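Structure first, then comments.
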Amino acid sequence: MSLHAENVSWTRGGSLVVDGVTLRPAPGDTVGLLGPNGSGKSSLLRLMHGIVKPSSGAVLLDGEELASVPRRRVARTVAVVGQHAETDTDIRVEDVVRLGRIPHRGAWGGDPSADAEAVADALEHTGLQEKADRLWHTLSGGERQRAQIARALAQQPSELLLDEPTNHLDIRHQLELLSLVTRLPLTSVVALHDLNLAAMFCDQLVVLQQGAVVAGGAPHEVLTPELIAAVYEVEAEVHHDPGRGRVVVSFEPTAALTGARG
Ligand SMILES: Nc1ncnc2c1ncn2[C@@H]1O[C@H](COP(=O)(O)OP(=O)(O)OP(=O)(O)O)[C@@H](O)[C@H]1O
């Protein structure tokens, strides 16, 4: 299975939100989508899920234009974890996770044992077994986020799109969640703000600025002080940690950012 964006652009309110982006994740890779607020990460993920249609270019699922693929097939193949894990109805965690099985139901219902197994596996992978009976409104922000990940896993997709999946999680759960995503036999595209998490867990990085790709490649190729200064307008030091085989980024608040007078 493959989910590719081919020279995709998306215009909204007269401005180019996504500008000619090509993204072809290799099967099994975790691709980090970086870029400052408003650079188009969520919009690109929405295009890749087919929630919005490109103004030009195409998103291809196994070479077929996404818009012409039946939604049920898209839903069996592509799972999404959005930024805002909210639901109005107060349902149990296990029922939230079971929603991931809907695309697998045929006209005569699903396979109850396959459904039960997928739900149990998803709860276990996300460490939510003990909370399976809890009501949604009683969950913390991080637990809700993990429940959304569990729902996506229960879907048993081959492609996973995640929009800042760690934004409500404490550091342990951030590390656990991204380790899980990278371990799964899935192709994942994950929008992230934390450059060190991106360096730690992603095989490839793509950096967006004003909707366009300004850098792409392995983390050590992409995360340079020059790129970080150009895109995020901050000073950063980038150290190569040969022991861990990755780069580590550190920041200093500069006078220009803090408003301090020299
Ligand atoms: N439906 C829409 N209508 C008009 N403008 C939009 C729409 N969706 C997104 N935009 C604009 O497109 C730009 C990119 O937004 P997007 O949410 O994709 O960025 P992002 O990189 O995910 O940002 P963040 O890091 O803050 O989540 C923003 O300026 C946003 O206001």
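Quick note: the coordinates plus some simple rules give every number you see, no bench work behind them. All of these numbers come straight from a predicted model, not from anything done at the bench. Backbone-built Cβ (ideal geometry, glycine too); neighbour counts: all protein chains shown.
Where does the chain land at 222 nm, in deg cm²/dmol rounded to the nearest 500, when only DSSP H runs of n ≥ 4 count, each adding -39500 (n - 2.57), divided by all residues?
The per-residue figure over the chain is -9000 deg cm²/dmol.
Rounded, prolate or oblate: which one fits region 3-251, using the alpha carbon gyration tensor with axes a ≥ b ≥ c (rounded when a/c is under 1.5, else prolate when a/b beats b/c, else oblate)?
Taking the square roots of the gyration eigenvalues as a ≥ b ≥ c, region 3-251 is oblate.
Region 101-177: which trypsin sites (Lys or Arg not before Pro) are DSSP loop and have at most 12 other beta-carbon atoms within 10 angstrom?
Loop-located and lightly packed - Arg105.
Out of all DSSP beta bridges with both ends in region 3-251, state the antiparallel percent to the nearest 5.
60 percent
Report the calculated FRET efficiency for Glu6 and Gln210 (r = Cβ-Cβ distance, R0 = 22 Å), to the nearest 0.05.
0.65
Could you calculate the FRET efficiency of Ala230 with Arg105 from 1/(1 + (r/R0)^6), where r is the beta carbon distance between them and R0 is 45 Å, rounded to 0.05?
So the FRET efficiency works out to roughly 0.40.
Going toward the positive end of the dipole of the chain, with +1 on Lys and Arg Cβ and -1 on Asp and Glu Cβ, which of Pro36, Val247, Thr187 do you reach last?
Final value for the positive-end residue is Thr187.
Could you give the length gained on full extension between Thr22 and Glu117, defined as 0.36 nm per residue of separation minus the Cα-Cα distance, in nm?
Fully extending the segment from Thr22 to Glu117 adds 30.6 nm.
Quick check: the distance between the Cα centres of region 109-161 and region 211-250, to the nearest angstrom?
So the two Cα centres are separated by 34 Å.
GluC sites (Glu not before Pro) within region 1-98: which are DSSP loop residues with at most 15 other Cβ atoms inside 10 Å?
Here the sparse-neighbourhood loop sites are Glu86.
Take the Cβ-Cβ distance between Asp241 and Asn37 as r, set R0 to 30 Å, and report the resulting FRET efficiency rounded to the nearest 0.05.
The formula returns an efficiency of 0.60 here.
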